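The values are calculated or read from the model by the stated rules, or taken from the named source; none is laboratory data. Since the model is a prediction, treat every value here as computed from it, not as a measurement. Glycine also receives a Cβ, built like all others from the backbone with ideal geometry; neighbour counts cover every protein chain displayed. Keep in mind that these areas ignore ligands, DNA and RNA; they rest on the heavy atoms of the full protein, side chains included. Shrake-Rupley method; radii C 1.70, N 1.55, O 1.52, S 1.80 Å.
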Amino acid sequence: MATLKTFDENVSPDILAASIAEHGYAIVNNLLDNVKLDVLLDQLNPHLDEVDLGDPDPFFGHKTKRFGALLSRCPITREMLMHKLVLGTADLVLGPYCVRYQLNYTGVMHLAPGESNQSMHRDTGFYPIQNPAPPLTLATMWAVNDFTLENGATRIVPGSHLWVDDRKPIDMEIVKAEMPAGSVLIYTGSLIHGSGANKSNNPRCGVAL
C-alpha cells in the first residue's frame, strides 16, 4: 500500500507541484491554524443546521449534508482560496496549459455517521477528454475536523491521474487520505477518488475549493 505524500506548512509550491505531477496529489498538514479553523466552524455551522441530510442521488450520499456558494456564506474561504501556497501550486500545475484559470466549485461535504463509500470517480469525468490528459482542474479538500480511517477520509488512488480511462483500481491501490483538522488535500481533477464510509459516531466535514 502506498505511503501518503504529506508535507508541513513550510513546503514550497515547487515540491507540491512535483508531488501532484507524479502522484496526482499532495497533503499539507495544519495549513489553517486553530484560530482560523474556529472561524471557519463558526461560519459553517449556521448553514449546516439549515441543510437537510441526504440526497436522492446515491453519488452525493444519503447521509451527507452539502451546500455551496461558500465565498459569500463563509468569508474565510476567500482567504483559503487565495492562500499563497495553494495559488503558487496552481500556477505551476495549471499554468503551463492555459492562459488563465478560474474558480470552478465551492462546497461542503459533511458526512454523518453511517454514510457509505462514495463511488470512485474523477472530477473531470464528465468532460469529453481521453485520459491521461493535461490537468484541467486542481482541487483542494480542507479538513474541518480530523479525517480518519473510521470517519470517512477521502479515498484516493495515487498515480491514477496517469491511467487510461478503462483501468479500474483494486483495493490495494486505494489509500485513505488521513489528515488532521486544518490540513488540505490538493489533487488534480483526473485523480480517481471518492469519500469514505463514516463508521464513527461523529460527522466528518470537508470544504472543497
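Annotation: of all residues in the range 1-18 being modelled with pLDDT of 95 or more and of a type in the set (V, I, T), the one that is nearest to N29 (Cα to Cα) is T6. The numbered conditions (1) in a helix (DSSP H, G or I); (2) more than 20 Å from S183 (Cβ to Cβ); (3) open to solvent by less than 60 Å² (accessible area, probe 1.4 Å) are all true for K65 except (1).
Assess whether E22 counts as being open to solvent by 60 Å² or more (accessible area, probe 1.4 Å), of a type in the set (D, E, K, R) and farther than 23 Å from P203 by Cβ. Taking the combined requirement at face value, the residue satisfies it. Evaluation of S119 against the conditions (1) of a type outside the set (A, V, I, L, M); (2) part of a helix (DSSP H, G or I); (3) open to solvent by 50 Å² or more (accessible area, probe 1.4 Å) shows that the sole unmet condition is (2). Evaluate the following for H110: is it open to solvent by 10 Å² or more (accessible area, probe 1.4 Å) and touching a Gly at 6+ places or on another chain (Cβ under 7 Å)? Criteria not met by H110.
Mind checking which residues of the range 179-188 are crowded, with 20+ Cβ neighbours inside 10 Å and in a loop (DSSP other than H, G, I, E, B)? Of everything in the range 179-188, those that are crowded, with 20+ Cβ neighbours inside 10 Å and in a loop (DSSP other than H, G, I, E, B) turn out to be G182, S183. Of all residues in the range 129-175 being in a loop (DSSP other than H, G, I, E, B) and charged (D, E, K, R), which is surrounded by the fewest Cβ atoms within 10 Å (Cβ to Cβ)? Of everything passing the filter in the range 129-175, D166 is surrounded by the fewest Cβ atoms within 10 Å (Cβ to Cβ).
Looking only at the range 86-108, residues that are in contact with a Pro (Cβ under 8 Å, 6 or more places away or on another chain) and either of a type in the set (S, T, N, Q) or on the phi > 0 side of the Ramachandran plot (or both) come to 1 in all. Beta carbons closer than 9 Å, at least 6 apart along the sequence or on distinct chains, pair a first residue in the range 34-61 that is under 13 Å from C74 (Cβ atoms) and modelled with pLDDT of 95 or more with a second that is open to solvent by 70 Å² or more (accessible area, probe 1.4 Å) and among the charged types (D, E, K, R) for K36/E79; Q43/R73; L44/R73; P46/R73; H47/R73.
Every residue in the range 191-208 that is open to solvent by less than 10 Å² (accessible area, probe 1.4 Å), within 24 Å of L92 (Cα to Cα) and assigned to a loop (DSSP other than H, G, I, E, B), please. Within the range 191-208, just L191 meets the criteria.
A Cβ distance below 6 Å, combined with a sequence gap of six or more or placement on separate chains, defines the contacts here; from the range 9-21, residues that are closer than 17 Å to P96 by Cβ and free of Cβ contacts under 8 Å to residues at least 60 places away in the same chain reach residues that are of a type outside the set (A, V, I, L, M, F, W, C) and surrounded by 15 or more Cβ atoms within 10 Å (Cβ to Cβ) in the pairs S19/K5. Kindly evaluate V11 against the criterion of being open to solvent by 50 Å² or more (accessible area, probe 1.4 Å), farther than 22 Å from T148 by Cβ and of a type in the set (A, V, I, L, M). Considered against the rule, which asks whether it is open to solvent by 50 Å² or more (accessible area, probe 1.4 Å), farther than 22 Å from T148 by Cβ and of a type in the set (A, V, I, L, M), V11 comes out as no.
Filtering H110, H47 for residues that are over 22 Å from S12 (Cα atoms) and assigned to a strand (DSSP E or B) leaves a single hit, H110. Of all residues in the range 86-107, those being free of Cβ contacts under 8 Å to residues at least 60 places away in the same chain, in contact with a strand residue (DSSP E or B) (Cβ under 9 Å, 6 or more places away or on another chain) and surrounded by fewer than 18 Cβ atoms within 10 Å (Cβ to Cβ) number 2.
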